[in-house]
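Only one structure is covered here, and it is reproduced in the block below.
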Amino acid sequence: MRNKARENKNPEFADEINNTLLVNPYKKEIDFFKLMPTQVDRDAYINLINGKTNGSENQITRAYTFFEKKLRQVQFEHEKLKKIITSYFSVVSIVLDADDNPHLVFESLNAKGRPLTQADLIRNYFFMRIHIDNQDEVYNHYWQPMQTALNENLTEYIRHLLMRNGIIIKQNDVYYALKERVSPTNAIDYLKELQRYSVYYQRLIYPEYEPEFELQKYFRRLNKIEVTTAYPLLLNIYGSYSENKISKAAFISILKTLENYLIRRFVCNVPTNQLNKIFTAVYPQLIAKHKDNFAEGIKIILQSRGYPKDNEFYSRFKETKFYGGGDRQIKTKLILETLEESFVHKETVPFGNLTIEHVMPQTLSEWWQNHLGDDWEETHELFLHTIGNLTLSAYNTELSNDDFTTKKQTYNESHLELNKYFSSVASWTGSEIEKRAEVLAKQSLEMWSYFGQEKTALSDLTEVTGTTPTDLRILGQRFQVQTWQNVLEQTLNTVADLEPDKYEIIAHNFPRYIGKDKNKFRAIRQLQNGYFVEVNLSAQNIQKFCYQAMETIELTSEDWSVMVA
């Protein structure tokens, strides 16, 4: 309106708007402007007030352009429009009590607008406690670099930083937790610390910003196995490293320990819901008991926090269903890449263009059915996604469901050591898949070697073939069993009774073992819900089936286990 009044040769009206509604003509610097937005919009706003409309484009300049066009399209009375705006357009200031929820207040005013993040609340809270003379400098040096570096990850970063002293903070409580720690006397110092650790956090989540190549490598690896729950711990470790309290070698050792811990738990299907509490509690214990040796201290602490021993890791590595939905493919590819790297290539293997290849394909041709034999359905169902049947290849699409002879020719031309294994293999059935799984399982014991104090010799690793099960524990219940067929039957009956929806998932995914048509099976037992289950299976296959069935319905080693004699 002011600018339009100037264009229309109405200088008195333009000056009235300018000097009563836009600026304080007798004030200087920041007090000259009646309204001052946050720093990100400030330059564009000041340019407009000062009559400059060619600044950088943002929401403020776009809004100005919109109304400028509208006023150009219509005839209007200046005084009347001014009266409407000043009489009916309100600026509201809301002062909240300590117990008020700022999110709810904002949402009630902004139901159709962009949600206010906790980072927005935190920013406003900081700058209300910093003197106006310091706000621009503090914003430019501390808040803006942090905001630019982390963007949508800023709120989660602040939560993780607040948790680094061992306190669990829920995602919706970040603002309140920070309010308890920040006052007008420490606001700038706290913001400086926030900005310093944000540099470490950026390097953790975006490893390309890490200047040290070795650290960058392990940050990338950890990100593939979703190490988010360990970020509060890693912020502390990075802080100690940057202050030269621990060496780079010690930092790398800690990163390897975390990877080892998480890979073993993934393979053994240990629940992830406790990781948040586990990792958050580590650093206070390191300071209290192991401040002279963080690298060894973290091993001592984690080995008693659900860390699988060699016998369980070896057994589950062979049996588990690696390939699947969610992030399983990313983790499985990392495991295969690590096994390939263990051969110590003189040249770096470019893993970027490689994908996971099923040797026995996901869709069986007639050739494959004949090749696998009479039990082809059972073999396909049990072994398809196990590690023994998986490799890496750049020719996944071309290979598809080709017969083994054709695939073998492609593998023989591969530069990957993993694929050289197939050159001496004449056929590819369940037996060959099991043999390769054993080779890779032993290799994995070296890649992610047990860092606990209770060692398990490889000769002591038990196979279930020839064993007698004595005790089944499933979904909080305990049953005495005498045969592996009892284990299978009791497992399915219990799931059907306590989790019928999950039982249907198992039945859908394993039609070779469970169904309503008893004529499909060789030897059967009828379950309590009327379904039939195949029991003409080896102890090893029953264990493999139960492992995979429990994983399919997201049950873990804490939900299902068998004791053997």
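The values are calculated or read from the model by the stated rules, or taken from the named source; none is laboratory data. All figures in this text were calculated on a predicted structure; none of them were measured in a lab. Positions of Cβ are backbone-derived with ideal geometry, glycine not excepted, and every protein chain shown enters the neighbour counts. Quick note on the areas: whole protein, heavy atoms, side chains included, nothing else; ligands and nucleic acids left out. Shrake-Rupley method; radii C 1.70, N 1.55, O 1.52, S 1.80 Å.
Hey, could you pull the Cα Rg and Dmax for the stretch 1-62, both in Å?
Calculated on Cα positions, Rg and Dmax stand at 12.1, 34 Å.
Given the protein chains as shown and a 1.4 Å probe, how many square angstrom of residue 521 are accessible, to the nearest 10?
Accessible area of residue 521: about 20 Å².
Averaging over every viewing direction, what projected area does the convex hull of the Cα atoms of the stretch 366-434 cover, in nm²?
4.5 nm²
Hey, how much of the P(r) for the stretch 276-329 falls beyond 12 Å, as a percent of Cα pairs?
Value for the stretch 276-329 (Cα pairs over 12 Å): 72 percent.
If ligands, DNA and RNA are left out, what is the accessible area of residue 424 with a 1.4 Å probe, given in Å² to the nearest 10?
We get 100 Å² for residue 424.
Which value, in nm² and rounded to one decimal, describes the direction-averaged projected area of the C-alpha convex hull of the stretch 225-331?
Here the figure is 7.0 nm², rounded to one decimal.
Relative contact order, percent, of the chain when contacts are C-alpha pairs under 8 Å separated by at least 6 residues?
10 percent
Summing Lys, Arg as +1 and Asp, Glu as -1, what charge do residues with Cβ under 15 Å from the Cβ of residue 509 carry, residue 509 excluded?
Neighbour charge sum, excluding residue 509 itself: -4.
Which value in Å does the Kirkwood hydrodynamic radius of the stretch 479-565 take, with 1/r averaged over all unlike C-alpha pairs and then inverted?
Kirkwood radius, the stretch 479-565: 13.0 Å.
Longest span of the chain, sites excluded, free of trypsin sites (Lys or Arg not before Pro) in DSSP loop with at most 14 other C-beta atoms within 10 Å?
347-454
Let's test this: bin the Cα-Cα distances of the chain at 20 Å from zero up to the farthest pair and state each bin's percent.
Taking all Cα pairs of the chain, the binned fractions are 16, 37, 27, 15, 4, 0 percent.
In whole percent, and with a 1.4 Å probe on the protein chains, what portion of the accessible area of the chain is carbon and sulfur?
47 percent
Give the dimensionless ratio obtained when the Cα radius of gyration of the stretch 298-398 is divided by 2.2 N^0.38 Å.
Taking N as the residue count of the stretch 298-398, the ratio is 1.31.
Which lysines does residue 224 reach when only Cα atoms under 16 Å apart count, and residues fewer than 8 places away in its own chain are ignored?
256, 331, 333
What net charge is computed for the residues neighbouring residue 183, neighbours being all others with C-beta under 13 Å from the C-beta of residue 183, Lys and Arg scored +1, Asp and Glu -1?
Neighbour charge sum, excluding residue 183 itself: +1.
To the nearest whole percent, what portion of all C-alpha pairs in the stretch 406-534 is separated by more than 17 angstrom?
73 percent
Within 10 Å, count the other beta carbons around each residue, average over each peptide in 384-391, 209-216, and list them highest first.
Top to bottom by mean Cβ count within 10 Å: 384-391, 209-216.
Please go through the stretch 394-432 and write out the GluC sites (Glu not before Pro) that DSSP classes as loop and that have at most 11 other C-beta atoms within 10 Å.
The qualifying sites are 413.
Kindly provide the pair-distance distribution of the stretch 142-250 built from C-alpha pairs, with 10 Å bins from 0 and whole-percent values in order of increasing distance.
Percent of Cα pairs in each bin: 13, 46, 33, 7, 0.
What size of dipole, in debye to the nearest 20, comes out for the chain about its Cα centre when the only charges are +1 on Lys and Arg C-beta atoms and -1 on Asp and Glu C-beta atoms?
Roughly 1440 debye, rounded to the nearest 20.
Keeping every protein chain present and rolling a 1.4 Å probe, give me the accessible area per residue for the stretch 337-386 in Å².
53 Å²
Which residue, chosen from 105, 391, 421, occupies the Cα position most advanced towards the positive end of the dipole of the chain, where the dipole is computed from +1 (Lys, Arg) and -1 (Asp, Glu) charges on Cβ about the Cα centre?
Of the candidates, 105 comes out farthest on the positive side.
When the Cα centres of the stretch 157-186 and the stretch 260-283 are compared, how far apart do they sit, in Å?
Centre-to-centre (Cα) distance: 23 Å.
Express in whole angstrom the spacing between the alpha-carbon centres of the stretch 484-554 and the stretch 1-68.
Between the Cα centres of the stretch 484-554 and the stretch 1-68 lies a distance of 73 Å.
Based on DSSP H assignment, which helices of the chain show an axial Cα extent of at least 24 Å together with a mean Kyte-Doolittle hydropathy greater than or equal to -0.5?
Once both thresholds are applied, what remains is 187-205, 248-267.
Of all alpha-carbon pairs in the stretch 521-565, indicate the percentage at a distance above 17 angstrom.
Result for the distance tail: 47 percent.
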